[in-house]
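Asks: Could you have a look at this structure, given as structure tokens, before my questions?
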Amino acid sequence: MAGPLSRSIPPRRRLAFAALVALVLAVHGWLADTLRDHIGELRSVATMPPRIEVTYVRELEPAAPPPVAAPAEPPKPPKPPRRARTPAAPASAPSPEPMPEPVPPPELPAPVPAPTVATPEPPASIPEAALFVEAPASAASAPPPFEWPASTRLSYKLTGSVRGEVHGDAQVEWVREGLRYQVHLDVTVGLPIAPLMTRRMSSDGELTAQGLVPRRYDEDTKIAFRDRRRLTMRFEDDAIVMPNGARQPRWDGVQDTASQFVQLSWLFSTRPDLLRTGNTVDFALALPRNVDRWIYDVLEEEPVATHFGAVNAFHLKPRRVSRPGGDLVAEVWFAPSLRNLPARIRIEQDPETFIDLVLSRKPELAAP
């Protein structure tokens, strides 16, 4: 009976039925892969430090950068007191006539020696707390001291080339809780519901007089049809534990992939003279494969066409040249009118593989 019945179904219907079955199987396979990826993502994120949750309440309007107080000079040690000089006895002039013999004065008690005053030695070093001391109230004309900004979120529109033209979104989120900070850089290439690639970079550490001090860096990357890749770097007091377990010496002022952008914003806010054409900025950068010193040249100020209008920003370009298989090279445009935040970030792997991030909305600020 099956034979005559199957022969009675027109070929077009059999073809459509087979296509429908194939489509249902493909959808089920896609759902299974998506569910597996989401489960893997949840497990991956669970091993990362939990994010500090904040609520953003307003947008940052472009404005002229406020003046920044110069760092306070160390207190000078007091000068030692001058010792009293004993006046010299005047020379006796010759007398033409003999003087009568002087009557001896009565004996006086021996003079009591003056107490010696110890000269205080200058301090060997300035305590870190002294760097946060506010200027005296009498200096009304002095600019206010630097204060760490409230938590801030930057949203970017992504364009670029990764084996062809790509589009997407990205966010840089700076959050702090007391003297603890987190910086998150999230990149999505493709549609949010079916991205070609996602990458989350997170830095967790402390705020000090020298800026950001990373304690941990996490990176989570997922490319379509590939396994998820996770890596972690730990920053100890005198060493950096690399993702492969190797230990590298910790350089002074070292930053990681995510913290470097906020550290540069802090540097230009506390030392605005550095953000001038012709200057150079260098600092140690810990990447997943190596730790090295990077040098950036401050180029000319130029307009960046953001999605809410043009914003003038200084272009920072590293002296390293991108090459296939090498470190990612990032060029950054810092806008003084937006509290020296990056208005544009271009990350390049090689001339044919890069992504370009441009602000898609005004920076969002959390409540103080």
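Each value in this text was obtained by applying a stated rule to the coordinates, not by laboratory testing. Every value quoted in this text rests on a predicted model; they were computed, and no experiment measured them. Glycine also receives a Cβ, built like all others from the backbone with ideal geometry; neighbour counts cover every protein chain displayed.
Asks: I'd like the GluC sites (Glu not before Pro) in region 142-242 restricted to DSSP loop residues with at most 16 other Cβ atoms within 10 Å, sorted by number.
Replies: Working: sites: Glu147, Glu165, Glu173, Glu177, Glu206, Glu219, Glu236; in loops: Glu147, Glu236.
Passing sites in region 142-242 are Glu147, Glu236.
Asks: Sticking with this one: With Cβ to Cβ distances under 15 Å as the rule, what net charge do the other residues near Thr159 carry (K, R +1; D, E -1)?
Replies: Result for the neighbourhood of Thr159: -2.
Asks: Also, I was wondering about something else. Counting other Cβ atoms within 10 Å of each Cβ, which trypsin sites (Lys or Arg not before Pro) in region 167-263 have at most 12 and sit in a DSSP loop? Could you put the intermediate results ahead of the total?
Replies: Values: sites: Arg176, Arg180, Arg199, Arg200, Arg215, Arg216, Lys222, Arg226, Arg228, Arg229, Arg230, Arg234, Arg247, Arg250; in loops: Arg226, Arg228, Arg250.
In loop regions of region 167-263 (DSSP not H, G, I, E or B), the sparsely surrounded trypsin sites (Lys or Arg not before Pro) are Arg226.
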